[in-house]
Every structure is written in C-alpha cells, then in structure tokens.
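Enquirer: Pasting a structure here, questions to come.
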Amino acid sequence: QMSLRGSHRRPLLCAIEDLHWIDSTSEEYVAALVDHLREAAIMLVVTYRPDYCPPWVDRSHQITLGQLSTPEAVTVVRAHSAHTVLPEPVVAMIVTKAEGNPFFLEELTRAVVEQAHPPAEGTVPDTIQGVLLARIDRLPEEAKRLLQMASVLGREFPLRLVQALWDGSGRPEPWLTELTRQEFLYETLSAAEPVYVFKHALTQDVAYTSLLTTRRQALHAAAGRALEGLYDRLAYHYAQTEEATKAVVYLTYVAEKALAQYARDAALTALQEAGRHAARLRGTERDRHVLDLVIRQGWVLDELGHAQEARDLLLAQQACVERLHDPVHTANYYQCLGFLYNRLGAWEPA
C-alpha cells in the first residue's frame, strides 16, 4: 500500500536483483505488487536465473539474456587481464571454456594471469570449480581460513558474526579487506552494519566443500553458539530502543531458546516483555504480534500449571482475533483455547 500510494505522487522504479534467492514472504509481496501494477505508476524490474519461475511470470514482459558473443567475451578477457598481454590462443581457450558466462570469463582470466608468466595455452584450468579452488589455495593461510569459515555462515554475513566466530591470529578485518580486494567478497553499502557477501554462490560452494568434515562440523557448532549469544545481546539492546518490531523478534527468539532448555519461567518473562513492546506497534502488525505472543504465553502458562490464567489471557484477545481475520493465527488461537478449556474440564465452551 505504501508503494501504491507513493506512485500516485510520483512514478516509482522498483528493481530487485537475484530473485531466485527470494523468501516466500517477499515472493508474496512481489506477487501482490504485480497484481496492482496496471493501476499504478510503478515499473518493476527483476532479474533471476532461468531455473526460477516467478508465479506471476505470465503477466510480465521477459527478456532472456543469452551468452556473450565471442567478440564480447574477448572484450571481457582483455579488460580483466590488466597489464598482462595474453596470447591469442590463450584468449581463445578461455572464451571456449567459459561458454559466454561473464563470471567464468573473469575467473578463468584471473587464474591464467596469476599462475603463469608468460601465460601459456596449457595454463587454462578445465573447470570453473578448479579455478576457484586453485585461487583459494593460493591465498595466505589466514585469508583462506577466514573464507572457509565464512562459507559456513551463508551467502552473506555480518561483520559482528565473523568477529565472534574468528579463531585465527589477529583480527579478521585485514583479511576481509584482502578477500574483498581479490573479489572473493564484497561489502554491502546499504546495511546498518558491515555485511559481506560472496561475489558468486559458486565461490561459497567451493570454499565450503574444501573444508574437512570435522572442521566443517566444528564451525557449524561454533556458528550456532555465536548466533545464540548474538541474538541474546540483540534482544537486550533492542529492548532499550524505540525499534519495537526488532525487540519483539529477538525476545521471541530468546523465549524459544529458553523453552528448548526447559527454562519455562525465563521463556515466559521474555514473552511478556516482547508483548509490552508489541503493544507499541500499530494496526495489523500490532495485532499479529500481540496475538502470536499471547498464544505462546498460553502454552507456557499451561506447562507451568496455570491453565486458568492462560485461558483468561487468551479470552481477553478475542477482539484482536476478530480484527485480524488471519486464518493461521485464528486456528492457533482456538486450538490453544480449546486445549485449555479441555484441561479445565469445561467441555461445553470448548
């Protein structure tokens, strides 16, 4: 609605890259936006890989980007060979093996320039995975260690998580700078905190598979512990701010973690605090969060032996259920309420 109303004041351009990575909620938003494009001054431009098919694809104009032509591919190779003059046979070999893929052209060219002086035809690697693995192996040991560690965290990761997980010598920042310089990673500029992203998903995959199984498992376990501590701190800090939505999200996570450890009192405290922050929100967002938190509190109170208190807490939110008209929240609400009536032996109301 914000986008549609904004388009009445001035035309809007909405550009989304890498749509194939989209989550289900964002995909639902884009689909809803597409449904209203005819009545709005909005141009929506998205890019995605051929193996992804948007649910609204039949209502859009598509442009399929093919492989680079041979002259275009040669231009890319020449541009990325910097001050190194590559013989024509080497350029031809790179162009053939890259099959018009710009990323492959860049990486194959970089690999040839780095490993042979003067470059020769036999120095062109056979596969792009081989190229990336060779480049990773040529990194300084600490930079390689950091890149492999980062591959466990996902396609993108915040600096604070790297700092929490880093087990190498010194600080990780200089090695992040080196990996950025060599174009394994890049730093996003729009995030509230420094966030790094693998330049290509294939780079992350190759770095991840280069880890020994025992090291990979240890890193996953360490990442889990680091994330738990990180979310605890985020919940505390956001609870001291005006950013109510984030406070609710992280306090709910803290409650879930407490429940997993059978710390029901701690979980209830976190949910109640989250409820106080949710009450500061507005409209549908407030109702959705408040109802979700009340349902969660109902289950926890029952486990603590306070079924009647839980029932009364839920009954006080019936108006919220009617306003929200959300089938999932409504079903969860009446499931919990029915269970509590059953627990109290009140059959008829259930």
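Enquirer: Would you work out which of 339, 244, 222 lies farthest towards the positive end of the dipole of the chain? Charges go on Cβ: Lys and Arg +1, Asp and Glu -1.
Expert: Farthest along the dipole direction, towards plus: 244.
Enquirer: Same structure again: How much of the accessible area of the chain, probe 1.4 Å, is carbon plus sulfur, in whole percent?
Expert: Ligands and nucleic acids excluded, carbon and sulfur give 53 percent.
Enquirer: Further, regarding this structure: So what's the net charge close to residue 284: Lys and Arg +1, Asp and Glu -1, counting the other residues with Cβ under 9 Å from its Cβ?
Expert: My count for the surroundings of residue 284 gives +1.
Enquirer: Explain nothing, just the number: dipole magnitude of region 150-288 about its Cα centre with +1 on each Lys and Arg Cβ and -1 on each Asp and Glu Cβ, in debye rounded to the nearest 20.
Expert: Dipole about the Cα centre, nearest 20: 220 debye.
Enquirer: Could you point to the label whose value was computed as P(r) over Cα pairs in 20 Å bins from 0, in percent for the structure here, given [x] 21, 44, 29, 6, 0; [y] 24, 37, 19, 11, 6, 2, 0; [z] 26, 50, 18, 5, 1?
Expert: [x]
Enquirer: With a probe of 1.4 Å, find how much accessible area the chain has per residue, and write the answer as a whole number in Å².
Expert: Roughly 58 Å² per residue, with all protein chains present.
Enquirer: If R0 is 35 Å, what FRET efficiency do you get for residue 159 and residue 330 from their C-beta distance, rounded to 0.05?
Expert: Taking R0 as 35 Å, the efficiency between residue 159 and residue 330 is 0.25.
Enquirer: Which value, in debye to the nearest 20, gives the size of the charge dipole of the chain about its Cα centre, when Lys and Arg are +1 and Asp and Glu are -1 at the Cβ?
Expert: The dipole of the chain has a size of about 500 debye.
Enquirer: Give me the number: length gained by fully extending residue 201 to residue 36, i.e. 0.36 nm times residue separation minus the C-alpha to C-alpha distance, one decimal in nm.
Expert: So the extension gain works out to 56.1 nm.
Enquirer: Quick check on packing: order 35-45, 62-72, 246-256 by the mean number of other C-beta atoms within 10 Å, highest mean leading.
Expert: Packing proxy ranking, top to bottom: 246-256, 35-45, 62-72.
Enquirer: Among 71, 47, 210, which residue has its Cα furthest toward the positive end of the charge dipole of the chain, with +1 on Lys/Arg Cβ and -1 on Asp/Glu Cβ?
Expert: 47
The values are calculated or read from the model by the stated rules, or taken from the named source; none is laboratory data. Bear in mind the structure is a predicted one, so any value in this text is a computation, not a measurement. Positions of Cβ are generated from backbone atoms using ideal geometry, with glycine treated the same way; all protein chains shown enter the neighbour counts. Heads up: the accessible areas ignore ligands, DNA and RNA and are worked out on the full protein's heavy atoms, side chains in. Shrake-Rupley method; radii C 1.70, N 1.55, O 1.52, S 1.80 Å.
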